[in-house]
Amino acid sequence: MATLQKIDQEPADVLTFGHLVEFFKSRDIVSYYARTAMRKMHADVIKPYAQDVFRFLNHRRIRDPLEQYAQRLEWLRILQNEFDKTGKCRAAISREVPHVDDEQYELALLLSFISTNHRFEILQRLVKFLRMSCSAPNEVLSVGYGTGYELKLVFDELPGWKLWAFDSSPESYESASSLLCFFGYSADCLRQELFPLDNSESIAAYRGRFGKIILCELLEHLENPELALEAARNVISQDGLLFCTMAVNIAQEDHVYLYTSAEQARAQVLGSGFEIVEELVAPVVLPFAESDRTRLFKKGNYICLARAKCLGGLIPIPTPEVMNA
């Protein structure tokens, strides 16, 4: 952790991890203690990711980034308190999701990777997933690329693999393009369009194509995540691997599908034609002993590494008549 003296030696316009810690200490004591607990749990493992994030943020020169992050955290706590009282999210379908400040949203996504435990553990497991051996084709599908930082990790860990990344948001496209270019990677992999996660006929062109599929912090944003998992089963290659996460009892304005338990999330994966290779529950509550991880898990992320079951055939793709019925 940087001291105030070391922070004062940095140029005034350069943001560091030390600035974030000291800002939390004076502005958001809850986040400060959470960050302190994270440091005890993960030691210096966070450091290279933090360096990435702050190098990029200093490049982007976002206005008052720490204050914007604090405001975002305050709003998310309001949403979470509402959810904890009612058991319901504000939006149940996509068209009910309100507009969110895109800069603040993307900024919070980046900073939360290095300041919240459940988000950091997603990064750790993603890297582990990318490093797993796989005899399937060297093509990766990522749906919902957000800031693009997960894609940067794909390039880091899987040189030589072809990456297909889909997201319909123009803001995500701009942010991910900027981030990939900053780290020296091509943004040609980015597609500003929806991948056919409705398991419709248009998915047929991708059948069995991908050796690895990433559905990271996506499924809770969909009205029907089961269809998305079935679509992933249809486009994953034999011996291919799936990485997916589900937010459990976490409120956000654009979460439209409510996962209430790790058991519910696991059942969706298994019911969609996958077998689980490894799973982890990442609680929001800190600190916790590793032996208490499962017992304490009430809200946080369910993180799953899975492979396609040998079903003797793929999940049927509905015909237009069935889809319109």
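The values are calculated or read from the model by the stated rules, or taken from the named source; none is laboratory data. If you're wondering where the values come from, they're calculated on a predicted model, not measured in any experiment. Note that each Cβ is placed from the backbone with ideal geometry, even for glycine, and that neighbours are counted across all protein chains shown. Note: areas computed on protein heavy atoms with side chains; ligands, DNA, RNA excluded. Shrake-Rupley method; radii C 1.70, N 1.55, O 1.52, S 1.80 Å.
Values computed for the structure shown
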{"item": "Some residue of the range 183-197 being out of contact with any Leu (no Cβ under 9 Å at 6 or more places or on another chain), in contact (Cβ under 8 Å) with a residue 40 or more places away in the chain and in a loop (DSSP other than H, G, I, E, B)", "result": "yes"}
{"item": "Failed item, numbered, when Glu201 is tested on (1) in contact with a helix residue (DSSP H, G or I) (Cβ under 9 Å, 6 or more places away or on another chain); (2) of a type in the set (Asp, Glu); (3) buried (at least 21 other Cβ atoms within 10 Å of the Cβ)", "result": "(3)"}
{"item": "Sole exception among (1) at pLDDT 90 or above; (2) of a type in the set (A, V, I, L, M); (3) surrounded by fewer than 19 Cβ atoms within 10 Å (Cβ to Cβ); (4) touching a helix residue (DSSP H, G or I) at 6+ places or on another chain (Cβ under 9 Å) for Leu4, by number", "result": "(1)"}
{"item": "Close pairs (8 angstrom Cβ cut-off, 6 or more residues apart or separate chains): among the aromatic types (Phe, Trp, Tyr) in the range 265-290, open to solvent by 50 Å² or more (accessible area, probe 1.4 Å) anywhere", "result": "Phe274/Arg307; Phe274/Lys309; Phe288/Leu296"}
{"item": "Subset of the range 33-42 [open to solvent by less than 70 Å² (accessible area, probe 1.4 Å) and more than 22 Å from the chain's Cα centre (by Cα)]", "result": "Thr36"}
{"item": "Total residues in the range 83-132, condition assigned to a helix (DSSP H, G or I) and among the hydrophobic types (A, V, I, L, M, F, W, C)", "result": "14"}
{"item": "Scope the range 242-269; condition within 15 Å of the chain's Cα centre (by Cα), assigned to a strand (DSSP E or B) and of a type outside the set (A, V, I, L, M); matching residues", "result": "Phe243, Cys244, Thr245"}
{"item": "In the range 285-307, residue surrounded by the most Cβ atoms within 10 Å (Cβ to Cβ) [restricted to those that are at pLDDT below 90 and of a type in the set (A, V, I, L, M, F, W, C)]", "result": "Leu286"}
{"item": "Only one of Ala187, Ala108, Ala136 that is out of contact with any His (no Cβ under 6 Å at 6 or more places or on another chain) and surrounded by fewer than 17 Cβ atoms within 10 Å (Cβ to Cβ)", "result": "Ala187"}
{"item": "Evaluation of Glu67 against (1) modelled with pLDDT under 90; (2) open to solvent by 40 Å² or more (accessible area, probe 1.4 Å); (3) within 12 Å of Leu107 (Cβ to Cβ) (one fails), failing number", "result": "(1)"}
{"item": "Selection count, the range 17-70, where residues are more than 24 Å from Asp101 (Cβ to Cβ), of a type in the set (Gly, Ala, Ser) and touching a helix residue (DSSP H, G or I) at 6+ places or on another chain (Cβ under 7 Å)", "result": "1"}
{"item": "Index of the failed condition, Asp239 passing every other in (1) open to solvent by 30 Å² or more (accessible area, probe 1.4 Å); (2) outside any loop (DSSP other than H, G, I, E, B); (3) farther than 17 Å from Leu305 by Cβ", "result": "(3)"}
{"item": "First in the range 36-64 and part of a helix (DSSP H, G or I), second anywhere and open to solvent by 30 Å² or more (accessible area, probe 1.4 Å) and aromatic (Phe, Trp, Tyr), Cβ under 7 Å, 6 or more apart", "result": "Ala50/Phe17; Phe54/Phe17; Phe56/Phe182; His59/Phe182"}
